[in-house]
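Written below as C-alpha cells is the structure these notes are about.
The values are calculated or read from the model by the stated rules, or taken from the named source; none is laboratory data. In this text, all values refer to a predicted model and were calculated from it rather than measured experimentally. Every residue, glycine as well, gets a Cβ built from its backbone with ideal geometry; the counts of neighbours run over all protein chains shown. What goes into the accessible areas is simple: the full protein's heavy atoms, side chains included, and nothing from ligands, DNA or RNA. Shrake-Rupley method; radii C 1.70, N 1.55, O 1.52, S 1.80 Å.
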Amino acid sequence: MLPVKKNLTWPRRRYLLLAGVVCAGLAVVGIERWTRPPTPEQILARWCGAADRSIAIAYPLDGTVFPPELPAPTFRWTDSSGADTWVVTAGAEGSRAVSNLLSQPRWTPDELQWQRLKSSTAQAHGGALVLGLRRADLSRVVSFGNFGFQTSTDPVAAPIFYREVNLPFVEAVKDPRQIRWRFGPVSSTQPPVVLENLPVCGNCHSFSADGKVLGMDIDYANDKGSYALAPVKSETVLDSQSVITWADYRREDKDLTFGLLSQVSPDGRYVVSTVKDRSVFVPMPDLAYSQLFFPVKGILVVYDRQSKTFRPLPGADDPAYVQSNPAWSPDGKEIVFARSRAYELHGVGSEALLRPDQCAEFVQGRRQFQFDLYRVPFNGGAGGAAVPVEGAAGNGVSNYFARFSPDGKWIVFCRAKSFMLLQPDSELYIMPAAGGPARRMLCNVRGMNSWHSWSPNSRWLVFASKANGPYTQLWLAHVDASGKSSSPVLLEGFTAPDRAGNIPEFVSAEPQAIATISARFVNDESFFRAGDAFLLGGDVAAACAMYEKALAANPANARAHHNLGAVLGRLGGRDDQAAAHLRRAIEIDPALAEAHTNLGAIYAKHNRLSEAMTEFEKALAINPRDLRARLMAAKCLVRMDRTDSAVEHWQHAIRIDPALTEPRLSLATVFTRKRQYAQALEQLEAAARLGGDGFTAASALAWLLATCPDAAIRNGPRSVELAQIACRAPGAPQPLVLDTLAAAYAEAGRFSEAVATVERMLALAGRGNAAVSAELNKRLEKYRAGQAWRQE
C-alpha cells in the first residue's frame with residue numbers, strides 16, 4: 001500500500017479540508033464520531049492509511065473551476081478495489097461539508113447541496129473525497145480518491161448558440177433537416193431548439209459583437225455560396241431579402257464559390273469570407289472523424305452591408321495562397337487568418353469540392369497540408385501587408401481557427417499536425433494578441449479540442465471535444481487575467497446522446513434574445529437541392545419526397561418535374577407517372593434536353609420507337625454533345641433496321657469522347673457484318689487499348705483475329721493472348737470467352753488445347769441444351785480435324 005500522504009499532493013490547508021469532509025462522511029455510515037477535532041494526519045492515517053488509492057475520478061477533473069450559473073454536475077469515478085458502497089464528501093476549508101452515502105459510483109448533488117458547495121467554494125478552494133467501502137464491513141475504508149475544485153466569482157453572463165449534427169457527416173449532408181440549432185445559457189439543463197427542419201444545409205454562423213446581427217452560411221436558390229444576414233430578434237427571420245451570395249464576387253470568372261467560414265465584423269457592417277475556393281471534402285470511415293475538410297485554394301473577400309458591394313481584401317487575396325478561416329480583432333482594425341500555399345491537384349476541373357479520387361494523397365495520409373496564422377490590417381477594406389503571427393507560424397504544424405478575446409488581450413487558436421478542422425490531435429493554444437510565445441492551454445482534454453468561442457467578459461472559453469466518444473460535446477473553461485485556463489467543465493445536457501455539438505458561439509445577448517429562427521428563404525429550389533442531396537446519397541424515396549415538396553411550392557419548376565420523372569422511370573412500374581412529369585417539364589422548358597432524353601428512354605422501353613426517336617432528336621438539336629441521347633438513339637435505330645443512321649451517331653459519339661468503348665464495339669459489329677474487316681479491326685484495337693469495359697473488347701478482338709475470313713486480319717498467337725486476358729477478367733461469362741479461347745488456340749495451331757477447351761464448354765453449358773450442344777460439336781469436329789473455325 002502507498003502511504004496516503006505520499007499520494008495526496010494538496011497543500012496542508014487542503015488537508016484541513018479533508019479532515020472535515022472525512023469526519024462528515026464517516027459519520028454518515030456510522031463508523032465513528034470524533035469527540036474532538038483530530039489532526040489531518042490522524043484522520044488520514046486512521047481511515048485511509050490501509051486503503052488503496054484505487055478510485056480514479058473521471059469527472060470533474062482536478063482543478064476544475066465551475067461557473068456560478070452551472071447546474072449541479074454528476075460526479076463520476078471508477079473503483080478497482082471491489083468496493084460496493086461509497087461515501088462522497090465535498091466542501092471548502094472552514095465550511096460545512098456535504099456528504100452522501102451511495103451504492104453507485106456517481107453522485108449528482110441536489111439543488112440545496114450544490115448551492116451550498118458553490119457558495120462555499122467561491123470564497124476558498126474546495127475539494128471532494130470519495131471513500132470506498134464494502135457492505136460486509138463498513139468499518140474499513142478499502143479505497144479512496146480525491147480532487148480539488150473551485151467556483152468562480154466571474155459569471156459567464158452570455159448564452160451560447162450552437163449546432164447539433166447527426167453522424168456520420170455524410171448522413172447530415174444527405175438529410176440536413178436533422179441538423180438543429182440550440183440557444184441558451186450555461187444554466188440550462190438543455191437549451192431549447194431555435195432552428196430545425198431546414199431542408200438545405202446551414203453551416204458556419206457568427207454574430208456581431210453586440211449580438212444584434214446574425215450571419216449564417218446556407219444553400220439557397222441552387223447557390224452554394226449563399227449567406228444570410230439578419231437582425232437578431234426573438235422571432236429572427238431569414239428571408240430571401242436577407243440572403244446574399246459570395247458567387248456575386250466576379251461572377252464573370254465562372255468559378256464555383258462556396259464561401260467558407262464567413263465572419264461578421266464586430267460592428268456588424270462587414271462580413272469576410274473565403275471565396276473562389278476549392279476544398280478537400282471527403283467522407284471518412286471513422287464515425288468520430290467522419291469528414292476530411294479543409295480548403296486548398298481561396299482568397300478573402302469582404303462584403304459591405306451598407307454599400308452592398310464585394311471586394312477582395314488586399315494582403316489576403318493572393319491566388320498563389322489559400323487564405324481562409326478569418327477572425328476579426330475586437331476593434332475591427334485587423335483580421336487574423338490561416339494561410340498556406342495553394343495546391344493544384346492534377347486532373348481537377350472547376351469543381352469546388354474534391355472527390356476522394358481527386359485528393360487520394362491527402363486521404364491516404366501521404367501528404368500533409370499545414371497552415372500558418374497571418375494578420376492583415378483591415379483599413380476599412382483597403383487591407384495592407386499580411387505578416388505571420390509570431391508563435392503561430394513556421395512552427396512545423398498546422399495553425400488555424402484563431403479567436404480574439406473580447407478584451408483584446410489574447411488569441412486562442414488550434415494546433416494540429418496537419419490540415420484544419422475536425423482533427424483528432426487538435427489542441428488549444430493561447431498567445432498574446434500582439435503575438436508571442438504560444439502556451440498549450442490547461443483546459444485541453446483528449447480527443448480534439450476546437451470550435452472555441454470567448455464569452456463577452458473574456459473570462460470563459462467554450463469549445464468542442466470528443467473526450468467522451470464520437471459525438472462531440474461542449475466544454476467550458478475559465479481563463480484568468482493572466483491567460484491561465486482551468487480544467488474544463490462539461491456542459492452535460494447541452495447535446496443529445498446521438499448528436500455532435502459543434503460551432504458553439506457566445507452571443508452578447510439575453511438568454512431570451514432568440515426564441516425561434518424562421519427560414520423563410522426556403523422555397524422550391526431549397527427542396528429541389530435537398531432532393532438532389534438525397535439522390536446523391538442513394539435515398540431515392542426521400543429524393544422523390546423532396547421533389548414533390550418542390551412542386552407543391554412551385555408547380556412550374558421544370559427541373560423538379562424532370563428529376564422526379566427521371567427517378568420514377570428508374571424505379572420500374574411507374575413509367576406512366578414518370579412520362580407525365582417529363583412531358584410537363586418539357587412544356588415548361590422545351591429547351592431541357594435531359595427531359596427529352598429521359599422521355600425518349602421510356603418510349604423506347606415500351607417499343608414506341610418512332611416517338612422515342614423524336615425525343616432523342618429534339619435533345620440532340622438542343623445539345624449535340626448529349627452522349628446519352630446519341631447512344632440511345634443509335635440503339636433505337638438498330639431496332640428500326642436503320643443501321644446506317646446508327647453508325648453516324650456512334651461515330652459522332654466517338655468524336656465527342658474518343659475514350660468511349662461502347663460505340664466502338666457497336667461499329668465493329670456492323671463493319672464485320674458488312675465484311676469491312678479492316679474498319680472493324682481498327683475499332684476493336686482502339687477499344688482494347690482503352691480497356692474500360694473489362695473482358696468485352698479483348699474477347700471481341702480475339703474472336704476477330706482468330707476467325708476472320710480475311711487472312712490478312714488473322715493473328716493466332718495474339719488472339720490467344722487476348723482471349724486469355726478476357727478469361728481472367730472479373731465477371732467474364734465463361735462459355736463465351738472459352739469459345740473465343742478455343743478458336744484462338746485453333747488459329748494458333750494448338751488443336752489439342754482447342755479440343756480440351758470445347759469439351760470443358762460442353763461440361764459447363766452444352767449438356768441439356770440441344771442447340772448449344774450441336775453448335776459446340778460442330779466446333780469440336782473442326783478442331784479434331786485440325787481445322788480452324790471461320791465466322792460466316
inquiry  = Among the residues of segment 49-81, what is the count of those that are modelled with pLDDT of 90 or more and farther than 25 Å from A122 by Cβ?
reply    = 6
Selection within segment 165-187 - part of a helix (DSSP H, G or I), open to solvent by less than 20 Å² (accessible area, probe 1.4 Å) and among the hydrophobic types (A, V, I, L, M, F, W, C) = A172
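Per-residue answers, yes or no, for (1) in contact with a helix residue (DSSP H, G or I) (Cβ under 6 Å, 6 or more places away or on another chain); (2) open to solvent by 30 Å² or more (accessible area, probe 1.4 Å); (3) not β-branched (V, I, T):
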position	(1), (2), (3)
E611	yes, yes, yes
Q651	no, yes, yes
P663	yes, no, yes
E685	no, yes, yes
C708	yes, no, yes
message = Among the numbered criteria (1) open to solvent by less than 10 Å² (accessible area, probe 1.4 Å); (2) over 18 Å from the mean Cα position of the chain (by Cα), which one does Y162 miss?
response = (2)
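Inside segment 261-365, counting only strands (runs of 3 or more DSSP E) that do not spill past its ends, which hold 1 or more residues that are among the β-branched types (V, I, T) and within 20 Å of R375 (Cα to Cα)?
270-283, 291-304, 321-328, 334-341
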ask   = Of the residues R116, R46, R106, R134, which single one is over 48 Å from the mean Cα position of the chain (by Cα), open to solvent by 10 Å² or more (accessible area, probe 1.4 Å), modelled with pLDDT of 90 or more and over 15 Å from G148 (Cα atoms)?
value = R134
query = Which pairs have Cβ atoms under 9 Å, sit 6 or more apart or on different chains, and link a residue in segment 770-792 that is closer than 17 Å to R750 by Cβ to one that is loosely packed, with under 15 Cβ neighbours inside 10 Å and small (G, A, S)?
reply = Y783/S752; G786/G749; A788/G749
task = State whether the residues of segment 266-278 include one that is more than 19 Å from the chain's Cα centre (by Cα), small (G, A, S) and under 30 Å from G447 (Cβ atoms).
result = yes
inquiry  = If I ask for residues that are free of Cβ contacts under 8 Å to residues at least 24 places away in the same chain, open to solvent by 70 Å² or more (accessible area, probe 1.4 Å) and under 54 Å from the mean Cα position of the chain (by Cα), which ones from segment 736-762 would you list?
reply    = R760
request  = Could you list, in sequence order, all residues of segment 137-159 that are open to solvent by less than 40 Å² (accessible area, probe 1.4 Å) and either among the acidic types (D, E) or assigned to a loop (DSSP other than H, G, I, E, B) (or both)?
outcome  = V141, V142, S152, V156, A158, P159
key: Hits in segment 234-276 - residues which are open to solvent by less than 20 Å² (accessible area, probe 1.4 Å), of a type in the set (G, A, S) and closer than 18 Å to V522 by Cα   = S242
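Quick grid of which residues meet (1) buried (at least 21 other Cβ atoms within 10 Å of the Cβ); (2) under 26 Å from W181 (Cα atoms); (3) of a type in the set (F, W, Y):
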site	(1), (2), (3)
S526	yes, yes, no
A552	no, no, no
N563	yes, no, no
G573	no, no, no
message = Return the residues of segment 691-731 that are among the hydroxyl-bearing types (S, T, Y) and under 18 Å from R790 (Cβ atoms); say none if nothing qualifies.
response = S699, T707, S719
ask   = Has segment 528-550 got any residue that is more than 19 Å from H606 (Cβ to Cβ), open to solvent by less than 60 Å² (accessible area, probe 1.4 Å) and over 30 Å from the mean Cα position of the chain (by Cα)?
value = no
query = For segment 728-741, what are the residues that are at pLDDT 85 or above and under 13 Å from L764 (Cβ atoms)?
reply = L738, D739, L741
ask   = Looking at this structure, is V264 aliphatic (A, V, I, L, M) and within 27 Å of S508 (Cα to Cα)?
value = yes
request  = Could you pull out the residue among V376, V322 that is within 29 Å of E171 (Cα to Cα), out of contact with any helix residue (DSSP H, G or I) (no Cβ under 9 Å at 6 or more places or on another chain) and open to solvent by less than 40 Å² (accessible area, probe 1.4 Å)?
outcome  = V322
query = Cβ-Cβ below 8 Å, separation at least six or inter-chain, first residue in segment 178-197 and more than 19 Å from L238 (Cβ to Cβ), second part of a strand (DSSP E or B) and among the β-branched types (V, I, T): which pairs?
reply = G184/I160; P185/I160; V186/I160; P191/I160
query = Of the numbered conditions (1) among the basic types (K, R); (2) surrounded by fewer than 20 Cβ atoms within 10 Å (Cβ to Cβ); (3) closer than 24 Å to L704 by Cα; (4) under 42 Å from the mean Cα position of the chain (by Cα), R625 satisfies every one except a single condition; which is it?
reply = (3)
